[in-house]
Structure formats: C-alpha cells, structure tokens
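One structure is given below, encoded as structure tokens.
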Amino acid sequence: MIKLSKCYLEEDELHAVQQVFAAAYLGMGKQVFEFESELKTFLDTSKEVICVNSGTAALHLALACLDIGPGDEVLVPTLTFAASFQAVSATGAKPVACDIKAETLSLDLDSAKKYLTPRTRAIMPVHYASHADSLPALYEFSRLHDLRVVEDAAHAFGTQYNGKLIGAEGDIICFSFDGIKNITCGEGGAVVTDDAILIERLRDARLLAVEKDYLKRKEGKRSWDFDIQHQGYRYHMSDIMAAIGRTQLRKIRQFKEKRQALVRHYLQALSSLPSLILLSLDYDHIMPHIFVVRVLNNKRDGLKEYLSQHHIETGIHYKPNHLLTRYKTDYALPQAEKVYQEILTLPLHAGLQEEEQTQVISLMKEYLSHA
Ligand SMILES: *Cc1c(COP(=O)(O)O)cnc(C)c1O
C-alpha cells in the first residue's frame, strides 16, 4: 500500500522520548519551553510562540483569547479541514463560509467581502496546500474593517512567503504538529503573535487560565495560591510531545527538500496530461504538506478508484464545510462546490520512495490517456 501521508520517525525521536521518560516529568516543562524558544529562532521572529496540544486548540485558543464569542462572526474559506470551522463554533461565534479561487483553492477575498457584517470580528485564511495567498490584500482588508487575522497555517510550517517564513509576520498565526503535518509532535500546535496582551492570555489560558502558572513551571514549581479571571482550557503541550517536535525541527531542511523534490517530480510528469489541472502555487517557496490536482471531465472518482485498486491511497481535501449539517449555508459557494468534484490529493510524505511515486505517476498516465 502506498500511503497518502505518513509521519517520518527515526531512532532519534525515540531517544528523545526515552530521555523524557528518564527525567520522569511528562507534563509541560523544560522541553516545551526549549521547543518554544527553538521555534522562535527557526521562524526568525520577534513574535512569541505559545505551544499547545493541537492545531485545533491553537485556533480555538487564539479566538477565545480575542474574546470572540456568541454574536460574533468569523470569515473562513469553506474548503478547509473541519478543525477551522469547529474552532470558531467552539467559541460560540459563527463561522461564515466563503468561497475559494479555483487556481489556488485559497480564500477568495471578493467572496469574503460579500459576507462582511457589523458582527464580523476576524478572518481566518487557510494556507491551503502550504501556499499563502495574497496576504497583503487580506491584511489591507482586515485593517479597513478592523478585523483580527487568525492564519490557519496548519499546512504551512516551513513555507516561505516574501522572503520570510510563515509565522514571522502577521497578526496571529496557528500551526499544527499532528502526526502527518510537515513536522510532528505526535499531536501538537502553536500560536504565534506579538500582541503582548494576547500573549499573556494565551500562555495562561492553555493552563486553565491559572495566572502566571507557566512562569512557576519554568522554575519547576507549581501554583498553589493563584487567581483566575478568564475561561481557561487544558490545552498545554507536554514534554513528550515537545521532545519529539524538537527532534523533528532539527531535520526540517531535509524534510522540506524531500517534499519539494517529490512535488517537482509530480509537476514535471503530470503537466501535460489530458483532463488534469495543476494548481498555481508558489512551489519554489512552499514546504508542501499535500499535493492536490484537479481532475476534469468527471474522471476524478474513476481515477481515485483505479489508483485504489492498485494499492495507492489518495485523498480529497476537503468536503466544503458549508455542505455539512452544522455549517449549512442558505447561499451557494459555486467555486468550492465545483472543485469539490475535481480535487484529488496524491501521496506525499517525507518517507515516500521514488519508485513508489513513479508508480503513482505511470498509473495516472495510463488511466487518463485511455479513459
Ligand atoms: C491539521 C489541520 C488543522 C488542525 O490541526 P490538528 O493539530 O490536527 O488539530 C487545522 N486546519 C487545517 C487546515 C489542518 O490541516
């Protein structure tokens, strides 16, 4: 079976976990603080990094600490993982589904403009397939309408945009380190921002909003006498997760090169196939998390089935959220609905062998040339 996605773990991750076992402290401690500091160095930013236990928690916590809640609305592209929508609705706010552009499958700002209301508090662009789309226009729009920007950068850890890594600039950037993302902690996530008030809220809110508890933990102590002013969550990262993440971060260059080489091979081999459209992404600068193509002429499902019969796993990223019962809209989002019938995600992960990829490509050529 050729897997669609997969974590890439070696002996050194296991060794890092063994060291945490030996230290016999599994909660949020030294490893997490070291990881936060190494992430800050890696991103080359003056912003602070706040580690949490998932990308979904990062998004939810960011919105909650902005005091976004019932009565508020957040603009979000419909073509995203359910996590983006669930994070918004978890606060009590309404995720307002917007359409996407067929060329990049990212948020269409013109669509977002249509759904702006006096209740809109934030916009959540999703860096689909690791490509950040038209950020200057998006930030200009948010300034004009006094919106906060919460970037769902779950796909985009390691991606360069305008010469800087995603996370180095912007308002609030959320990453995921789940098992199949560009680097993993097993599960995990992070919020990155330079908003001083928000930073304090986030640091506390992930630990049940026990004030300054994270500072005590830095000294290896616990808080017994404390105050709580806000709603908090049990969203902190553990030392086991951070130890895995630190090891992965040291290998990111290798992971990025591997993923980019696989994508270059796909692009070159698939560029002139009938019924196939490649996305217009900034392939030279992204750290690709998924590789998505559009299959035209109603051939997507047949191709998916054909590859599956040959033991190749593919995916569909994603079913548009506005088609789900909880997030159903009374308006259509035509681009997303159209591309939903066409998109196919091909195998891409740091452990994918060249022969395996060659097999995927030749089967695709076979199917699309003859069907
Ligand atoms: C993975 C992902 C998330 C959530 O991250 P988890 O760490 O799995 O909770 C959010 N948004 C998108 C687009 C993702 O792919």
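The values are calculated or read from the model by the stated rules, or taken from the named source; none is laboratory data. Predicted, not measured: the structure shown is a model, and the values here were computed from it. Note: ideal-geometry Cβ built from the backbone for every residue, glycine included; neighbour counts use all protein chains shown. Please note that ligands, DNA and RNA were not included when accessible areas were found on the heavy atoms of the full protein model with its side chains. Shrake-Rupley method; radii C 1.70, N 1.55, O 1.52, S 1.80 Å.
The GluC sites (Glu not before Pro) of the stretch 1-41 that DSSP puts in a loop, and whose beta carbon has at most 15 other beta carbons within 10 Å, are 10. Over the stretch 263-371, accessible surface divided per residue gives 47 Å², non-protein components excluded, 1.4 Å probe. Relative protection proxy for 99-112, 272-285, from highest mean packing down: 99-112, 272-285 (other beta-carbon atoms within 10 angstrom).
Remark: the stretch 18-112 carries 34 Å² of accessible area per residue (probe radius 1.4 Å; ligands, DNA and RNA excluded). A cut-off of 5 Å between modelled amide H atoms, ignoring neighbours fewer than 5 places along the same chain, links residue 27 with 239.
Based on the Kirkwood radius over alpha-carbon pairs, what is the Stokes-Einstein translational diffusion coefficient of the stretch 95-138 at 20 °C with 1.002 mPa s viscosity, in µm²/s? Value of D from the Cα-based Kirkwood radius: 194 µm²/s. Taking Lys and Arg as +1 and Asp and Glu as -1, the other residues whose beta-carbon sits under 15 Å from that of residue 71 total 0. Only one residue of 359, 323, 308 has its Cα farthest out toward the positive end of the dipole of the stretch 266-366, where Lys and Arg carry +1 and Asp and Glu -1 on Cβ, and that residue is 323.
When the Cα positions of 245, 210, 230 are compared along the charge dipole of the stretch 210-260, 245 comes out farthest toward the positive end, with charges on each C-beta of Lys, Arg, Asp and Glu.
Would you work out what percent of the accessible area of the chain, with all protein chains in place, is carbon or sulfur (probe 1.4 Å)?
Solvent-exposed carbon and sulfur of the chain make up 50 percent of the total.
Rolling a 1.4 Å probe across the protein heavy atoms gives the stretch 162-241 an accessible surface of 47 Å² per residue. Between 136, 123, 109, the Cα set farthest toward the positive side of the dipole of the stretch 87-147 (charges on each charged residue's Cβ, about the Cα centre) is that of 123.
Sparse packing (at most 13 other Cβ atoms within 10 Å of the Cβ) combined with a DSSP loop state is found for the following trypsin sites (Lys or Arg not before Pro) in the stretch 214-319: 221, 222. About the centre of its Cα atoms, the stretch 117-256 shows a dipole size close to 540 debye [charges on the beta carbon of Lys, Arg (+1) and Asp, Glu (-1) only; nearest 20 debye].
Between residue 208 and 233, 234, 235, the built amide H atoms are under 5 Å apart, and every one of these is 5 or more places off in sequence or on another chain. DSSP bridge analysis restricted to the chain gives an antiparallel fraction near 60%, rounded to the nearest 5. Scaled against the 2.2 N^0.38 Å expected of a compact globular protein of N residues, the Cα radius of gyration of the stretch 23-156 reads 1.13. For the chain, the dipole from Cβ point charges (+1 on Lys and Arg, -1 on Asp and Glu) about the Cα centre works out to 320 debye, to the nearest 20.
For residue 261, what charge total do you get from the other residues with a beta carbon under 13 Å from its beta carbon, if Lys and Arg give +1 and Asp and Glu give -1? In short, +2.
Sequentially through the stretch 290-306, phi angles give Karplus couplings (6.51, -1.76, 1.60; θ = phi - 60°) of 9, 10, 10, 10, 10, 10, 8, 6, 6, 9, 4, 5, x, 5, 4, 5, 4 Hz, Gly and Pro residues having no value and appearing as x. Relative intensity of the chain on a log10 scale, I(q)/I(0) at q = 0.11 Å⁻¹, equals -0.77, per a Debye sum over C-alpha point scatterers of equal strength in the absence of solvent. Here residue 47 is the anchor, and the lysines within straight C-alpha reach of less than 30 Å, apart from those fewer than 8 places off in the same chain, are 30, 94, 113, 164, 181, 212, 216, 218, 221, 251, 256, 258. Dimensions of the stretch 243-371 along the principal axes, based on C-alpha atoms and rounded to the nearest Å, stand at 47, 39, 27, largest first. For the chain, relative contact order (Cα pairs under 8 Å, six or more residues apart, normalised by length) works out to 23 percent.
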